[in-house]
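Here the structure is laid out as structure tokens; the discussion comes afterwards.
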Amino acid sequence: MQKKSTVLLTVITTMTLLVVTLQSTFAYFAATVSTTGTAASTISTANVASATMALGDAITGSGVNPGWKGLKTLTLTGSGGGTSIKTRLTLTPSVANFGSHIKYSVYKVATADITTKAVTCTASKPTTAVSGSSIQYTDAMTCDTSKAGEAVKTGTFSGTTPVTVDITVTNSTKDTYYVLVEYVNDSTASQNGEMGKSFSVTLSYSPLAS
């Protein structure tokens, strides 16, 4: 009888150890998922600026002489959101018959300062002078650009090649641009071939890709 009891006790002990081993194995497949911080994220779209360029009326001239100047005043106003935009002012000439005699200059002044920094021109002042056996016809009108500071861009037109001025606009932009076009009086050149001909400069304003 003593011998049988010993065998039974051994079997029970072995089964108990087996159960414990299986429970430990299952525990390795458990996982914990948790989060920290704010559960929601908010994404807002950009609020971009808008630009308005007031080009005003066209400038015309008839029978002008070398030395004549045309002044165009443009007003640029930004509005809308806080994201700036890029824009472009384009001057497109048609001066094929005038060589290098048509000059341009572009000035920028804060609109709030135009009373003290504006570009101003006198009225046309046609004049004549005798040189040997010929009479020279010129225009003595002048333009004062000293208060406007340095030009944003200046140069001489060539044929129909456009000239561009890139402008970044914000919602607080309030600027005035002066475009000065001059029929240069070149005393060292013969301008007889330019008599009776015409030139033009077309202004346009457009958005520009970043």
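The values are calculated or read from the model by the stated rules, or taken from the named source; none is laboratory data. Note that this is a predicted model, so its numbers are computed, not measured. Backbone-built Cβ (ideal geometry, glycine too); neighbour counts: all protein chains shown.
Annotations for the structure displayed:
- Hits in segment 91-110 - residues which are surrounded by 14 or more Cβ atoms within 10 Å (Cβ to Cβ) and either among the hydroxyl-bearing types (Ser, Thr, Tyr) or assigned to a strand (DSSP E or B) (or both): Leu91, Thr92, Pro93, Ser94, Ile102, Lys103, Tyr104, Ser105, Val106, Tyr107, Lys108, Val109
- From the list Thr83, Thr42, the lone residue that is modelled with pLDDT under 90, out of contact with any helix residue (DSSP H, G or I) (no Cβ under 6 Å at 6 or more places or on another chain), more than 16 Å from Ser206 (Cα to Cα) and not basic (Lys, Arg) is Thr42.
- Looking across Thr128, Thr164, Thr168, one residue alone is of a type outside the set (A, V, I, L, M), in a strand (DSSP E or B) and exposed (fewer than 12 other Cβ atoms within 10 Å of the Cβ). It is Thr128.
- On inspection, Val169 passes the criterion of being in contact (Cβ under 8 Å) with a residue 60 or more places away in the chain and under 30 Å from Gly81 (Cα atoms).
- Against the conditions (1) within 23 Å of Thr111 (Cβ to Cβ); (2) touching a residue at least 40 places away in the same chain (Cβ under 8 Å); (3) surrounded by 13 or more Cβ atoms within 10 Å (Cβ to Cβ), Lys147 satisfies every one except (2).
- Within the option set Val33, Val64, being surrounded by 14 or more Cβ atoms within 10 Å (Cβ to Cβ), over 25 Å from the mean Cα position of the chain (by Cα) and at pLDDT below 95 holds for one residue only, Val64.
- So Val201, is it touching a residue at least 24 places away in the same chain (Cβ under 8 Å) and under 19 Å from Lys69 (Cα atoms): yes
- Given (1) in contact with an Asp or Glu (Cβ under 9 Å, 6 or more places away or on another chain); (2) surrounded by 17 or more Cβ atoms within 10 Å (Cβ to Cβ), number of the condition Leu208 does not satisfy: (2)
- Of the set (1) surrounded by 11 or more Cβ atoms within 10 Å (Cβ to Cβ); (2) more than 31 Å from the chain's Cα centre (by Cα), all apply to Thr120 but (2).
- Per-region count, segment 130-150, residues touching a Cys at 6+ places or on another chain (Cβ under 8 Å), farther than 20 Å from Asp186 by Cβ and polar (S, T, N, Q): 0
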